[in-house]
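Beneath this line is the structure, given in structure tokens, with notes to follow.
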Amino acid sequence: MNIDIKHIAKLARLRIEDDQLDKFESEMQNIVGMVEKLPDIQDEMTLDPDNPMILRKDVAVQDKFTRQELMQNAPQVKAGCLVVPKTVE
Amino acid sequence: MELFERNACDLSEMIKNKEISSAELTKSVFDRIKAVEGKVDAYLTLDEENAMKKAAEIDEKLAKGEELSPLAGIPVGIKDNISTKGLRTTCASKMLGNYVPPFNATVMNKLDDIVVTGKLNMDEFAMGSSTENSHFKPTKNPFDTERIPGGSSGGSAAAVAAREAIVTLGSDTGGSIRQPASYCGVVGLKPTYGSVSRYGLVAFASSLDQIGPLGMCVKDVAMVQSAIVGHDKYDATSSYREYPDFAADLKADVKGLRIGIPKEYFGEGIDPFVKQSVMNAVKELEKQGATVKEISLPSTDYALSSYYIISSAEASSNLARFDGVRYGFRAEEYDGLVDMYERTRSEGFGDEVKRRIMLGTFVLSSGFYDAYYKKAKLVQKRIMQEFASQFADVDVIATPTVPSTAFKIGENTDDPLKMYANDVCTVTVNIAGLPAISIPCAYDDKGLPVGMQLIGGKFTEQRLLNTAYAYEQLVGGFKMPEL
């Protein structure tokens, strides 16, 4: 099977350099070859009864962190906001 | 005997009885780190100043007669994907090279009176089996520093073996606690999925990840497990239940224990010495009153493929958050938003992480979802059913932890599939959400440790720990490497 590395890279927001394409493709082929050996099982997917996953209420958490604490790791900050490249013309 | 050579359970008593102070113990561990870290490279970040401060605080509290936890004042190393407030947490990635968490993982809050020595090396984002995928440096196996310590919690296992920490925390998605524990001759426990909170563990594959302890003896591992286990409202997959005090309830008794030996784990590809060593260990347990039975887990052959599909799919989604906007690395030069994302991610992630994101993106992409992801989830269900039906007849399943002893640094880096084969005995446990422990059971002709894996039904950690403890008592404890 042909794997369109450039297309997958685009979906994953990764850039694979041209000289790396072949290497990536053959490694991916090998991995896909391994996973293609999986059997066809006629069954339905079900949730794990031991882990019912009770979700917490969808309420905003307030006062847990200061704005400054949350932004201390941001690569670029200006006037208390995250700086990103222009997204609208 | 130096303080750093002792076990946490003894040191805990010594601190409580005021025979030693936490400050003396912490200094002993940092002296040890200074002596051997150059050979082992277990740590990415050391935090001596805060560790000494914390030790002094604990000593003061004890002097005042305050009631503290059994691990109070014990120097513990933490894998670098567990968030530690104010202490750099990199996941061994360039992407998080300068990241300092503004909050603690739940396990860190639960262990609030330990002394944190520092943050331990790992494969980048826990993806790997040798710690060679760390962006910063490879860690070396203390039994032979030309060899890998295993991975992804390679720093956590090597630090325990080299006595650069008394106990450590690791995380296990496909074997990442048990496999390095096996290679480094220490004890490592992967708890039942849902028993230890994942809040603050940087996610790799959320449905498989679990934090767990590594130590030089079974009791130390039991002590840490008792401290970290329990429901957490910040983790929706966390189970509601009561847990025993694993260390206090430890019993070296295997009378009547039914041990299953799955033939699929002793087949081709497993080193004959490893097979023999595990079987010898099982025979020792049999002499103590356990019964042994051959069993079959026929879908084992499909576990590795199923694991790589599920874990990579989840990874591709979890790692989408690293976009150079809110935290972490951002590429210096770019032209527009999409270019910034692509350059940031391409420069910030290493090859193995990119490979898994690509594989995950592929298996989830339009037209391939049913053929790969859905198929893998159905195999997962079947593997769970096979284990559940075997646990009606046996209490514990014994297997090798890894197919061979530790390989040389650089030996498998060019072949991802060969590297993935390291996880063949451990991934099934994550796929099925079960607990498992790895304990040393032999040393090969080069002196390298062999690990035995004991797998149990969900939430049977106490039985696994008791079985491991019984074996440890029989052999009189595990060897420390000479460094």
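What follows draws every value from the coordinates through simple rules; no lab data is involved. Everything quoted here is computed from the prediction, not taken from an experiment. Cβ atoms come from the backbone with ideal geometry, glycine included; neighbour counts cover every protein chain shown.
Observations on the model:
- 3J(HN,Hα) from dihedral phi, the range B:219-227, Karplus parametrisation 6.51/-1.76/1.60, rounded to Hz, x for glycine, proline: 5, 4, 5, 5, 4, 5, 4, 4, 6
- Here the protein assembly as shown carries DSSP beta bridges of which approximately 70% are antiparallel, counting only pairs with both residues inside.
- Going from the fewest other Cβ atoms within 10 Å to the most, the residues B:Cys441, B:Cys184, B:Cys217 appear in the order B:Cys217, B:Cys441, B:Cys184.
- Shielding of A:65-74 by partner chains, average beta-carbon count, 10 Å: 4
- Each residue in B:Phe368, A:Phe65 was given a count of other beta-carbon atoms within 10 angstrom of its own, and listing them fewest first yields A:Phe65, B:Phe368.
- Antiparallel bridge percentage (DSSP; both residues within chain B; nearest 5): 65
- Amide H contacts of B:Asn104 (H built 1.01 Å from N, in plane; Pro and chain starts excluded): B:Lys85 sit under 5 Å, all sequence-distant by 5 or more or on other chains.
- For B:Val116, distant residues with modelled amide H under 5 Å away: B:Val76
- Inter-chain Cβ neighbour count for B:373-382, averaged per residue, equals 4 (cutoff 10 Å, partner chain atoms only).
- In straight-distance terms, cross-link reach from A:Lys86 covers every one of the aspartates and glutamates whose alpha-carbon lies under 12 Å from its own, apart from those fewer than eight places away in the same chain; here that gives B:Asp335, B:Asp339.
- Sorted ascending by nearby beta carbons within 10 Å, beginning with the fewest, B:Glu461, B:Glu294, B:Glu411 become B:Glu294, B:Glu411, B:Glu461.
- Kirkwood Rh in Å, taken over all unlike Cα pairs in chain B: 22.2
- Cα gyration tensor of the range B:83-242 - equivalent ellipsoid semi-axes, whole Å, descending: 22, 18, 14
- For the range B:358-364, Karplus couplings with θ = phi - 60° (6.51, -1.76, 1.60), whole Hz, Gly/Pro x: 5, 4, x, 5, 4, 5, 9
- Shape of the protein assembly as shown, Cα gyration tensor, a/c cut at 1.5: oblate
- Given R0 = 45 Å, the distance between the Cβ atoms of B:Leu474 and B:Phe368 translates into a calculated FRET efficiency of 0.35.
- Amide hydrogen neighbours beyond the local backbone of B:Gly451, cut-off 5 Å, H modeled: B:Thr401, B:Val402, B:Cys441
- For the segment B:339-345, counting C-beta atoms of other chains within 10 Å of every residue's C-beta and taking the mean gives 4.
- Bridge type composition, the range B:1-135 - antiparallel percent by DSSP, nearest 5: 45
- Over 24 Å apart at the Cα level, from the set A:Lys64/B:Lys53; B:Lys283/B:Lys377; B:Lys137/B:Lys408; B:Lys275/B:Lys374; B:Lys251/B:Lys381; B:Lys219/B:Lys293, are A:Lys64/B:Lys53; B:Lys283/B:Lys377; B:Lys275/B:Lys374; B:Lys251/B:Lys381; B:Lys219/B:Lys293.
- The HN-Hα couplings worked out from phi for the range B:378-386 by the Karplus form 6.51 cos²θ - 1.76 cosθ + 1.60 (θ = phi - 60°) are 6, 4, 4, 4, 5, 4, 4, 5, 5 Hz, whole numbers, x standing for Gly and Pro.
- Degrees separating the helix A:18-35 axis from the principal Cα axis of chain A, which is the longest one: 70
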